[in-house]
Amino acid sequence: MTASPFTFPTFRLQAEKLALRRGSRLLVENLSFSLTNGQALVVTGANGTGKSTLLRGLAGFLPPVAGQAHLEDGAGARETIASHAHYVGHQEGSKPALTAHENLAFWRAMLALPGLTSDLTPEAALRQLGVPQVADLPVAYLSAGQKRRVGLARLLLAPRPVWILDEPLTALDAAGQTLLTELMKDHLKMGGMVIAATHAPLGIESLHLSLGEAT
């Protein structure tokens, strides 16, 4: 991994009595937690207990039924988590007909935050993810593991303080899992935050949240 180029500004992520519904089911209720710079939260639990629902709620895709979740900067001003977060879910979010380079160039422009820039090119990010050979290939032609690495490469191209990762090890081989662990460690060293739902160990120091059994 390369040396950390900067440190993220001071933020606190706060969830207060958060409740989230998926369809007719209330899956998350009265949930409170907080994270500060350099901290990670690993969310575990059986299938159907609300791990993805929680992450999608934090990322702004699901409105809360009750409570709230937000970021506070060093001056106490509140902002939405979504405006400062990367979300990587079960789908990679890439256009199959576009090349890996074209997808990453789009995401870099779309997700860039003022004052937080990366000197990496799409090709350089793909090299860091171990797949430089796919830059000019349409994403539709890539294997599941290669698609996953392309999706993760956008984390490097558009620096954002909060990474929200839903089963981030999916489709990655052992080498890819080790690489992702190192990326998360580097992100935390820069003062970033990681919130990840997973069934497998991620290899990072973290707080732990276990959601209840499915009913």
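Derivation of every value follows stated rules applied to the coordinates shown; laboratory data play no part. Just so it is clear, the structure is predicted and the values come from calculations on it, not from any experiment. Heads up, the Cβs are rebuilt from the backbone with ideal geometry, glycines too, and the neighbour counts pull from every protein chain shown.
Could you give the dipole magnitude of the chain about its Cα centre, charging the beta-carbon of Lys and Arg +1 and that of Asp and Glu -1, in debye to the nearest 20?
Working: 18 positive and 17 negative charges, 72 e Å.
For this selection, approximately 340 debye.
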Checklist entry - Any idea which of PRO122, GLN91, LEU183 is furthest toward the positive side of the dipole for the chain, if Lys and Arg beta-carbons carry +1 and Asp and Glu beta-carbons -1? => result GLN91
Item to check | With Cα atoms, 0 to 90° folded angle of helix 174-189 axis to the chain main axis | outcome: 60
Checklist outcome for this item: With the dipole of the range 1-156 defined by +1 on each Lys or Arg Cβ and -1 on each Asp or Glu Cβ, the option from THR53, ALA112, THR10 whose Cα lies farthest towards the positive pole is THR53
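Test of understanding: ordering ILE81, ILE164 by Cβ neighbours within 10 Å, fewest first, what list do you get? Let's see the in-between values first.
Values: ILE81 23, ILE164 26.
By the 10 Å Cβ count, ascending: ILE81, ILE164.
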Checklist entry - How many times 2.2 N^0.38 Å is the alpha carbon radius of gyration of the range 91-215? => result 1.07
Item to check | Relative contact order (%) - the range 70-166, alpha-carbon pairs under 8 angstrom, separation at least six | outcome: 42
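Suppose only helical runs count, i.e. DSSP H with n ≥ 4. What mean residue ellipticity at 222 nm does that imply for the chain under -39500 (n - 2.57) per run, divided by all residues and rounded to the nearest 500 deg cm²/dmol? Walk me through the numbers on the way to the answer.
Details: 5 runs with 57 residues, N = 215.
Helix contribution divided over all residues of the chain: -8000 deg cm²/dmol.
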Checklist entry - So how tilted is helix 100-111 from the main axis of the chain? Cα-based, degrees 0 to 90, rounded to 10. => result 40
Next on the checklist: Loop-only GluC sites (Glu not before Pro) in the range 159-215, please: DSSP not H, G, I, E or B, and at most 16 other Cβ atoms within 10 Å.
Outcome noted: GLU205, GLU213
Checklist outcome for this item: the chain, convex hull of Cα, quarter of hull surface, nm² -> 11.6
Item to check | For the chain: relative contact order, % (alpha-carbon pairs under 8 angstrom, 6 or more apart) | outcome: 31
Next on the checklist: Within the range 78-106, list the residues whose amide N lies under 18 Å from a label point set 7 Å along Cα→Cβ of ARG25.
Outcome noted: 90
Item to check | the range 70-121 and the range 53-67: distance between their alpha carbon centers, rounded to Å | outcome: 18
